[in-house]
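Engineer: Sharing a structure with you now.
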Amino acid sequence: MNPLIGNYIRYVETVRRYSQRTRDIYNDVLTEYAAYSLEDPSSSDELAASLNPTSVRNYEVHIMEDRKLGTRTVNLHLSVLSGFCRYLMTQGVLRSNPVRLVTRPKTEKRLPIFYRDEAMERYLSDTEFAVSEDSLELLREVCGRGAGPAGVPDGQPAGAPAPLARTLYERRLRRLVVSFLHGTGLRRAELASLDIQSLDFERNILKVKGKGDKMRDVPLVPAVVRETERYLEAAEVYFGGRPAAGDPLLRTPSGRRLYPVYIDRAVKAELGSVPDITGRKSPHVLRHTLATELLNEGSDLNSIKELLGHSSLAATQVYTHNSIERLKAVYDKAHPRAKDPSEK
């Protein structure tokens, strides 16, 4: 690895505290730039000399025309290079940022999609049995019929006869995943990182570690509190005991902490049977849905920004378009002067 790139990656890890995924993206972009622009990709002097508007523009053309990358990905590459150049300026390696002189390709703004209130209400109604007392009693019954096979792995519920107990537990878990994402607006990684001690039932608050290890308190509405309590009851029965404060809040049927792919699959499985939800089914759309609902109900942007853990208000403002479109539809339908005079 080029020493300058290595120093920058360590900087964003230790000082900026970026996630592993972000660091990997930064490293891949900078390594690709060095491989394309330099005769010796490991030379720090050659890398510093190459960071000029002409070389950056040539690289932009290369990834657009030769690699056929989309405009959003091209802009990502240029943003990474710009951040790298700003870092080198603080180290005295560069005097200015050459990326600022390079014209970036225009991208169409993609509006966040969201699920309608009716669709989410239908999902919650159709899956009510998963969190009912009858479901919990059935789980207690099947888990009390004797121990399972000997030699189960660590974390595997010893007394849970598969597959019925697993099905009952997993249905409750997946429903809580959707309820949490829709009710709190958490990111996928934030949901997976929750521990038992993240919950504060006395104040109905969830302590969340967001991007950059920034902590924030997220309020829990009564419906989510009830579902969380029901899930914990089921988990205690299924795993045969209460978890410790530092244990994961949400566990897969095998006892592992929830992981991103499991969350993705849970959302797709749960929402896949809802007729009114025909588009993309992902954790982030549930986050969009909450933000849109809050705006439609009159919440201010700064409050939504704090709830979602956005670092800037600009990231939150993208949700206003959906609300404006809804307002325009109501306006066109109800305003006495909205109709075309030729239609009268």
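Engineer: Filter region 23-53 for residues that are under 34 Å from the mean Cα position of the chain (by Cα), buried (at least 16 other Cβ atoms within 10 Å of the Cβ), assigned to a helix (DSSP H, G or I) and not small (Gly, Ala, Ser) and give the result.
Structural biologist: Arg23, Tyr26, Asn27, Val29, Leu30, Glu32, Tyr33, Tyr36
Engineer: Within the group Met120, Met64, which residue is in contact (Cβ under 8 Å) with a residue 24 or more places away in the chain, surrounded by 15 or more Cβ atoms within 10 Å (Cβ to Cβ) and under 29 Å from Ile277 (Cβ atoms)?
Structural biologist: Among Met120, Met64, only Met120 is in contact (Cβ under 8 Å) with a residue 24 or more places away in the chain, surrounded by 15 or more Cβ atoms within 10 Å (Cβ to Cβ) and under 29 Å from Ile277 (Cβ atoms).
Engineer: Sort out which residues of region 230-265 are of a type outside the set (A, V, I, L, M), over 26 Å from the mean Cα position of the chain (by Cα) and over 30 Å from Val285 (Cβ atoms), and write them in order of number. Spell out the reasoning first.
Structural biologist: Restricting attention to region 230-265, the residues satisfying the condition of being of a type outside the set (A, V, I, L, M) are 230-231, 233, 236, 238-243, 246-248, 251-257, 259-260, 262, 264-265.
From what is left, the residues that are over 26 Å from the mean Cα position of the chain (by Cα) are 233, 236, 238-242.
Passing the criteria: Glu236, Phe239, Gly240, Gly241, Arg242.
Per-residue answers, yes or no, for (1) within 15 Å of Arg175 (Cβ to Cβ); (2) modelled with pLDDT of 90 or more:
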| position | (1), (2) |
| --- | --- |
| Ser198 | no, yes |
| Lys207 | no, yes |
| Leu232 | yes, yes |
| Phe239 | no, yes |
| Arg242 | no, no |
| Ser282 | no, no |
| His288 | no, no |
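Engineer: Something else about it: Being in contact with a Lys or Arg (Cβ under 9 Å, 6 or more places away or on another chain), of a type in the set (Asp, Glu) and farther than 24 Å from Glu137 by Cα is the filter here; which residues of region 196-252 pass it?
Structural biologist: Listed by number, the residues that qualify are Asp200, Asp213, Asp217, Asp247.
Engineer: Ok, one more. Just checking, how many residues over region 237-289 are buried (at least 17 other Cβ atoms within 10 Å of the Cβ), basic (Lys, Arg) and closer than 14 Å to Leu181 by Cβ?
Structural biologist: The number of residues fulfilling the criteria is 2.
Engineer: Can I ask one more? Which of the residues spanning region 219-238 are in contact with a helix residue (DSSP H, G or I) (Cβ under 7 Å, 6 or more places away or on another chain) and of a type in the set (D, E, K, R)?
Structural biologist: Glu227, Arg230, Glu233
Engineer: Here is a follow-up. Got a number for residues in region 268-282 being closer than 26 Å to Gln317 by Cα and in contact with an Asp or Glu (Cβ under 7 Å, 6 or more places away or on another chain)?
Structural biologist: Within region 268-282, the subset closer than 26 Å to Gln317 by Cα is 277-282.
Applying the additional criterion that residues be in contact with an Asp or Glu (Cβ under 7 Å, 6 or more places away or on another chain) yields 282.
Count: 1.
Engineer: How many of the residues in region 70-82 are crowded, with 17+ Cβ neighbours inside 10 Å and either in contact with a Cys (Cβ under 7 Å, 6 or more places away or on another chain) or of a type in the set (A, V, I, L, M, F, W, C) (or both)?
Structural biologist: 4
Engineer: Quickly run through region 263-290 and pick out the residues that are of a type in the set (D, E, K, R), within 24 Å of Glu236 (Cα to Cα) and in contact (Cβ under 8 Å) with a residue 60 or more places away in the chain.
Structural biologist: Scanning region 263-290 gives a single hit, Glu270.
Engineer: Can you tell me which residues in region 302-322 are at pLDDT 80 or above and part of a helix (DSSP H, G or I)?
Structural biologist: Within region 302-322, Asn302, Ser303, Ile304, Lys305, Glu306, Leu307, Leu308 qualify.
Engineer: Output the residues belonging to region 221-262 that are among the aliphatic types (A, V, I, L, M), part of a helix (DSSP H, G or I) and in contact (Cβ under 8 Å) with a residue 12 or more places away in the chain. Let's see the steps before the verdict.
Structural biologist: First, the residues of region 221-262 that are among the aliphatic types (A, V, I, L, M): 221, 223-225, 232, 234-235, 237, 244-245, 249-250, 258, 261.
Among the residues that remain, those that are also part of a helix (DSSP H, G or I) are: 223-225, 232, 234-235, 237, 261.
Once the filter is applied, which keeps residues that are among the aliphatic types (A, V, I, L, M), part of a helix (DSSP H, G or I) and in contact (Cβ under 8 Å) with a residue 12 or more places away in the chain, region 221-262 yields Ala223, Val224, Val225, Ala234, Ala235, Val237.
Engineer: Can you find, within region 1-22, the residue that is nearest to Pro260 (Cα to Cα) among those that are in a loop (DSSP other than H, G, I, E, B) and not β-branched (Val, Ile, Thr)? Please lay out each step first, then the result.
Structural biologist: From region 1-22, those in a loop (DSSP other than H, G, I, E, B) are 1-2, 15-19; that's our starting set.
Now drop any that are not not β-branched (Val, Ile, Thr), which leaves 1-2, 16-19.
On the way: Met1: 29, Asn2: 32, Arg16: 23, Arg17: 20, Tyr18: 17, Ser19: 14 Å.
My answer is Ser19.
The values are calculated or read from the model by the stated rules, or taken from the named source; none is laboratory data. Remember, predicted model here, so these are calculated numbers, not experimental data. Positions of Cβ are backbone-derived with ideal geometry, glycine not excepted, and every protein chain shown enters the neighbour counts.
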